[in-house]
């Protein structure tokens, strides 16, 4: 992070993602905003910028008001911003002259001229300019004219931030340190200079560093004993802190802040210490003599050590997740309200849940933030489809295993833990899916994935339990664990490192069959893709596009050809492509005979789109094949999960409607 105090020396940015505020405390509410601008920054390759003001605007606008209490001083805020991972922190000297700018000047001369924003993230009630006349509506007017985006932080979130700041101050004043620390998302801390004291503590066997805090507006806890962490330079120590007027030695009533650092013996007068307050031990007391005080200090130290030990253990438990569930949402309010509670209920504690939002226009995000604040929202500025949305969102997720789940999928049990266990024990498996049943007819498989995906000789995809439109009843006939060709995008788990190395989904697909393309690359790299039928979920299906939607038909035919052109060997392409052209023409006439004229038209439209995209597909094929070569660890597995006969011939001519009728094992084994 680069700290800027002079705009004249601020670098000229091509674009930026910025937010503006005082950020007192840099607490959990603020961190959500900072996470959001970091997300946008990475998504759109624009540096993240936080603009804050010093001194606090209230000190300039209302100089007679002495009630201002700061959770963090400027120096402390800089430390927290540094930890947050933003790129640029801009500290603007807040003066009477600055406050006299008109709203238009503020936007044009301050924001646009200095920061060239791609996106500005501000609260719904953000006011600026002379007499606070500027607001978010004026910013949005300028955004249309100047070509930047404005992201509005809704009322509920802004109110939560304001309430959190008040609660933190009250908690600190009431010695509710753990409550304050939870709201902050980090231990409440301060920085003090070590000054000379009366050295009474040394005589008691508890030498202390007396601390002086320069900023009088800094809020501090009331008198008492506290368990603390002490930072001296780069070294960290445990300790206990005293705040009070030292009533036992009748020292005149002035407040003293003293820290006894455990296992420490250095000369540090004139140096600064950073003190993190972990827990409240007891109130200040007056003792009859120094011996009694000494005995009580011994007991305090035992309590402080115990408290600090418990804190360190809890920190270890919180420090990482085994994997993540990532749901991609676009205007899915009705699905979220229906299915998300079950997902959260059946998710293990070591799995973090993310919602990647594809620029929804409904109330999805407002509802999520209000009813399920534990879900981490990754908000995208544009709708880039299933492929692009997941690519942008997943680059912001660092957990090693990723469970990608549609918002219309129901969990009735924890299938995530055994899925992660399976990946732990089978390093050659790149992705897996559970058995996918229908929400509407729970006894049946669901169209999108059923019990694992397969490919026929002409690269038509079908499923174990669903061939074309024929969906089977689940009678346990496919309960055998099996290597498959592709895992369903409705619900599957993939290793994050492989997803990244293989460059994720192909954004050309937009939606539909991108999971087939990814699975194909995993298998070309030598990894297995498997179905574990002992694990199951329920899928509503058609949640984004109805199965008979013309757009879906177009995407399915086009994307299937995209996948073939990208992944089939040149030797196979020579005969697969002409065969597919003839078979797709037959499919078009089949739609005509059914009276589905729009669907017939979409088949031809898909082929035209593929022809137009050939130059781009050629480059994409080379790029992804290079990624496969970099990732490959053994011979390709594309023979497994491949049915070396025509599924069209078997289904329409030989009337074989069930997967079990295909005798696929024999054909695969003979071929291999």
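The values are calculated or read from the model by the stated rules, or taken from the named source; none is laboratory data. What you see is a predicted model; the values in this text were computed from it and never measured. Backbone-built Cβ (ideal geometry, glycine too); neighbour counts: all protein chains shown.
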Inset, instruction - Test residue 435 against the criterion of being more than 29 Å from residue 576 (Cα to Cα), crowded, with 23+ Cβ neighbours inside 10 Å and either touching a strand residue (DSSP E or B) at 6+ places or on another chain (Cβ under 6 Å) or without any contact (Cβ under 8 Å) to a residue 24 or more places away in the chain (or both), and give yes or no. - result: yes
Inset, instruction - Go through 565, 561, 599, 617 for me and flag whichever is in the same structural domain as residue 522 (by TED's automatic domain parsing), farther than 30 Å from residue 527 by Cα and either in contact with a helix residue (DSSP H, G or I) (Cβ under 6 Å, 6 or more places away or on another chain) or modelled with pLDDT of 95 or more (or both). - result: 599
Inset, instruction - Test residue 91 against the stated conditions and say whether it is touching a residue at least 60 places away in the same chain (Cβ under 8 Å) and within 25 Å of residue 46 (Cα to Cα). - result: yes
Legend entry - Matching option when the condition is at pLDDT below 95, crowded, with 23+ Cβ neighbours inside 10 Å and on the phi < 0 side of the Ramachandran plot, among 403, 448: 448
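Residue-by-condition table, conditions (1) in contact with a strand residue (DSSP E or B) (Cβ under 6 Å, 6 or more places away or on another chain); (2) under 17 Å from residue 171 (Cβ atoms):
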position: 188; (1), (2): yes, yes
position: 196; (1), (2): no, no
position: 205; (1), (2): no, no
position: 210; (1), (2): yes, no
position: 213; (1), (2): yes, no
position: 226; (1), (2): yes, yes
position: 234; (1), (2): no, no
position: 237; (1), (2): yes, no
position: 243; (1), (2): yes, yes
Inset, instruction - Tell me which residues, restricted to region 334-350, are more than 23 Å from residue 155 (Cβ to Cβ) and buried (at least 19 other Cβ atoms within 10 Å of the Cβ). - result: 335, 339, 343, 347
Inset, instruction - Take the residues in region 129-156 that are in contact (Cβ under 8 Å) with a residue 40 or more places away in the chain and either farther than 19 Å from residue 40 by Cα or touching a helix residue (DSSP H, G or I) at 6+ places or on another chain (Cβ under 7 Å) (or both), then tell me which one is surrounded by the most Cβ atoms within 10 Å (Cβ to Cβ). - result: 153
Inset, instruction - Just name the residue that is surrounded by the fewest Cβ atoms within 10 Å (Cβ to Cβ) out of those in region 224-250 that are touching a helix residue (DSSP H, G or I) at 6+ places or on another chain (Cβ under 9 Å) and not in a strand (DSSP E or B). - result: 249
Inset, instruction - Return a yes/no flag: does region 630-639 have any residue that is in a helix (DSSP H, G or I) and within 22 Å of residue 569 (Cα to Cα). - result: yes
Inset, instruction - Please state which one of 23, 53 is on the phi > 0 side of the Ramachandran plot and either assigned to a loop (DSSP other than H, G, I, E, B) or modelled with pLDDT of 90 or more (or both). - result: 23
Legend entry - region 168-205, residues that are outside the structural domain of residue 265 (by TED's automatic domain parsing), without any contact (Cβ under 8 Å) to a residue 60 or more places away in the chain and crowded, with 17+ Cβ neighbours inside 10 Å: 171, 180
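Looking at 450, 419, which is the one that is in the same structural domain as residue 636 (by TED's automatic domain parsing), closer than 16 Å to residue 536 by Cα and part of a loop (DSSP other than H, G, I, E, B)?
450
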